[in-house]
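S.K.: Quick one: the structure is below, and I'll ask about it shortly.
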Amino acid sequence: MNKDYITAYYYDEDVLLKAVRQLKEKGLEVLDVLTPFPVHGLDKALGMRRSRLTRVAFWGGAIGAAVGFLFQAWVFTKGYPLNFGGKPFFAVPSFMPVTFELAVLFAAFSMVFAFLIYFKLGPGAKTVIHDERITDDRFLVVIGVRKEGNQQEIEQALKETGAEGITHNV
Amino acid sequence: MAGIAMVAIGLLALVYGWIAGLESNRIYANLHLNSFYFVSLGLIGLFFVAVHAIAESGWQVSMQRVGEAMSMFIPVGGLIMLIVFLSGGMHHLFEWTHEDHLDHILIKKVSYLNQPFFFVRFFVFFAGWVLLAWLIRKTSRQLDMNGDLQYFNRLRKYSALYVVFLAVTSVVSSWDWLMSIDAHWFSTLYGWYVFSSMLVTGFSVLVIFVFVLQRMGYMKHVNDEHIHDMGKYMFGLSIFWAYLWFSQYMLIWYANIPEETIYFYERLKYFDTIFYLNLIVNFALPFLLMMPRNAKRVYWVVIPVAVLIFIGHWLDLYQLIMPGAVGHEAAGIGFLEIGLTIGFIGLFMLVTFWGLSKAPLVPKNHPFYEESLHYHTNY
């Protein structure tokens, strides 16, 4: 995040949910909310779009299935034909388990790597830990500061909604 | 009214089959097919209620009355099945009932495949199903009267009994009524395969009933979230069915033992259209159509797929029964098959709507009713 921002935390998920709605109403820029567990309705309150990771999974799976099937078809008919118990070389039923497994493998890997690349995560990535207690019992909001500087307004709004531990990262 | 008209079509088809001089094998096999198919829908309707009651889930409460009403068909279908068996259907359907046909393989199976024991099993299955269905319906209604937790716990107890009983009986009944048609052949996966087929059809029919009820102006409390979950069931169970189908097929194909492959050989040679159609309709189409998240939430995708699954699993059952019971020369899909199925659909609708009329559609006092209204699912 190259932007100036202010963080604050809440103790309760219901308070957090209400606070996020109020902050959004006031026109403040809620960059992120960090919670120790999924909070129902938070996606909607933040106005987030649905994840597009499922499409990555679909195409990853489709490519995996195609690779698995075509590779076997090539190996067993052209590359290295072997006779297994009198079965035809192009034996579709025996290709299915590998095709299925590769579809699953490619779908899973494509999702993991798409996620890591999109959010610039992975080994060696620089991450900011705003507050270690967000993995335990705190709900943290990250609010972006406008260029003209509206820290006062943000701090006021956060205090009104019951936030604590307001930290400036300007 | 529509139900009565459909039953009339069914009776007409039966009379037509009789007058047109179709093989009596074919008539009996069709009656057997449909009575098994619709009994299994009733069983799954009850299974829907029972399995969620054990899991203490909340969302299904909004539509559990439909499942309970579907279970009303179990005794009706059982009666038809009994009439089919007693009026001479046994000899037409099952080769092992002909004592002069027994070869050295079937002789070894006589201790299990004999008529007295067959009927003992038949009555044990239906006694258990009907009794537990009655108990679950009764407890569910008592729970609705006063919302006492005592009834909730009792419902869970009966549900657990039913799920265990169905786990055994669904497998054994499929051996008795379906697998023993080809008495020389056997597969250890068969019971599960039939059960998975029953499961996905039962849930699809439940969605269709909810849709019809909503169009009639009832059950307004069922929302997209509930339909979404039923869509997930249809999607997942279609894959589960395909998985079991393939597991059975591939092992037999790979091992290539003549006494096992004869089963698929017959089906691939004489019933190849239905054999491949079965896979497309029951696996490929639901898999692709129901995959997007939003497709599971809208009726105009869910209902066509549910109807597709309903027809597809009828075809699945057709290719399980007909090659053995009728043979490829006499089997076919004509007015008899279609008319009779319409008749059974009508009867099933009549019984289910009668069952729905006996209890309020909204189980207001169920402890989880409120929870089911606020149910929310993202993916």
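S.K.: Out of all the residues in the stretch A:77-94, is one or more of a type in the set (V, I, T), in contact (Cβ under 8 Å) with a residue 24 or more places away in the chain and away from chain B (no Cβ under 12 Å)?
M.R.: Going residue by residue through the stretch A:77-94, those that are of a type in the set (V, I, T) are A:77, A:92.
This time we only want the ones that are in contact (Cβ under 8 Å) with a residue 24 or more places away in the chain, so: none.
Within the stretch A:77-94, not a single residue is of a type in the set (V, I, T), in contact (Cβ under 8 Å) with a residue 24 or more places away in the chain and away from chain B (no Cβ under 12 Å).
S.K.: Of the numbered conditions (1) within 11 Å of another protein chain (Cβ to nearest Cβ); (2) surrounded by fewer than 15 Cβ atoms within 10 Å (Cβ to Cβ), A:A108 fails exactly one; give the number of that condition.
M.R.: (1)
S.K.: Under 9 Å between Cβ atoms, at least 6 apart or on separate chains: pull out the pairs that start in the stretch A:147-170 with a residue that is in the same structural domain as A:R133 (by TED's automatic domain parsing) and end on any residue that is among the hydroxyl-bearing types (S, T, Y) and exposed (fewer than 15 other Cβ atoms within 10 Å of the Cβ).
M.R.: As it stands, the answer is A:G162/A:Y11; A:E164/A:Y11, since those pairs meet every condition given.
S.K.: Does the stretch B:96-119 include one or more residues that are over 30 Å from B:S357 (Cα atoms) and either in contact with a Leu (Cβ under 6 Å, 6 or more places away or on another chain) or buried (at least 22 other Cβ atoms within 10 Å of the Cβ) (or both)?
M.R.: First pass over the stretch B:96-119, keeping only residues over 30 Å from B:S357 (Cα atoms): B:96-119.
Adding the requirement that they be either in contact with a Leu (Cβ under 6 Å, 6 or more places away or on another chain) or buried (at least 22 other Cβ atoms within 10 Å of the Cβ) (or both) leaves B:96.
Looking through the stretch B:96-119, at least one residue is over 30 Å from B:S357 (Cα atoms) and either in contact with a Leu (Cβ under 6 Å, 6 or more places away or on another chain) or buried (at least 22 other Cβ atoms within 10 Å of the Cβ) (or both).
S.K.: B:F264 fails exactly one of the following numbered conditions: (1) out of contact with any His (no Cβ under 8 Å at 6 or more places or on another chain); (2) away from chain A (no Cβ under 14 Å); (3) assigned to a helix (DSSP H, G or I). What is the number of that condition?
M.R.: (2)
S.K.: Whether any residue in the stretch B:305-315 is in a helix (DSSP H, G or I) and within 20 Å of B:V61 (Cα to Cα) is what I want to check. Step through it out loud before you land on a result.
M.R.: Applying the first criterion (in a helix (DSSP H, G or I)) to the stretch B:305-315 yields B:305-315.
Of the ones still in play, those that are also within 20 Å of B:V61 (Cα to Cα) are none.
No, the stretch B:305-315 contains no residue that is in a helix (DSSP H, G or I) and within 20 Å of B:V61 (Cα to Cα).
S.K.: How do the pairs read when you match residues in the stretch B:325-337 that are β-branched (V, I, T) with residues anywhere that are surrounded by 14 or more Cβ atoms within 10 Å (Cβ to Cβ) and in a loop (DSSP other than H, G, I, E, B), using Cβ under 9 Å and keeping only pairs 6 or more apart or on different chains?
M.R.: The qualifying pairs are B:V326/B:E23.
S.K.: Can you find even one residue in the stretch B:209-217 that is touching a His at 6+ places or on another chain (Cβ under 9 Å) and touching a residue at least 60 places away in the same chain (Cβ under 8 Å)? Full working, then the answer.
M.R.: We begin by selecting, within the stretch B:209-217, every residue touching a His at 6+ places or on another chain (Cβ under 9 Å); these are B:210.
From the residues that got through so far, the ones that are touching a residue at least 60 places away in the same chain (Cβ under 8 Å) too are B:210.
Yes, because at least one residue in the stretch B:209-217 is touching a His at 6+ places or on another chain (Cβ under 9 Å) and touching a residue at least 60 places away in the same chain (Cβ under 8 Å).
S.K.: Can you go through B:F186, B:F240, B:F211 and tell me which one is surrounded by fewer than 20 Cβ atoms within 10 Å (Cβ to Cβ) and within 14 Å of another protein chain (Cβ to nearest Cβ)?
M.R.: Details: B:F186 fails: within 14 Å of another protein chain (Cβ to nearest Cβ); B:F211 fails: within 14 Å of another protein chain (Cβ to nearest Cβ).
Criteria check complete, one pass: B:F240.
S.K.: Taking the stated definitions as given, is A:P97 outside any loop (DSSP other than H, G, I, E, B), surrounded by fewer than 14 Cβ atoms within 10 Å (Cβ to Cβ), over 25 Å from the mean Cα position of the chain (by Cα) and within 13 Å of another protein chain (Cβ to nearest Cβ)?
M.R.: Working: outside any loop (DSSP other than H, G, I, E, B): yes; surrounded by fewer than 14 Cβ atoms within 10 Å (Cβ to Cβ): yes; over 25 Å from the mean Cα position of the chain (by Cα): yes; within 13 Å of another protein chain (Cβ to nearest Cβ): yes.
The answer is yes for A:P97.
S.K.: Kindly indicate the residue of the stretch A:25-40 that is in contact with a helix residue (DSSP H, G or I) (Cβ under 7 Å, 6 or more places away or on another chain) and loosely packed, with under 15 Cβ neighbours inside 10 Å and also modelled with the lowest pLDDT among those meeting that condition.
M.R.: Only one residue tops the list, namely A:K26.
S.K.: For A:L53, work out the one condition from (1) within 13 Å of chain B (Cβ to nearest Cβ); (2) without any contact (Cβ under 8 Å) to a residue 60 or more places away in the chain it doesn't fulfil.
M.R.: It fails just one condition, (2).
S.K.: Of the residues B:S187, B:S180, which is in contact (Cβ under 8 Å) with a residue 60 or more places away in the chain, within 21 Å of B:G327 (Cβ to Cβ) and outside any helix (DSSP H, G or I)? Reasoning before the result, please.
M.R.: Details: B:S180 fails: outside any helix (DSSP H, G or I).
The match here is B:S187.
The values are calculated or read from the model by the stated rules, or taken from the named source; none is laboratory data. What you see is a predicted model; the values in this text were computed from it and never measured. Cβ coordinates were reconstructed from backbone atoms using ideal geometry, including for glycine residues, and neighbour counts include every protein chain displayed.
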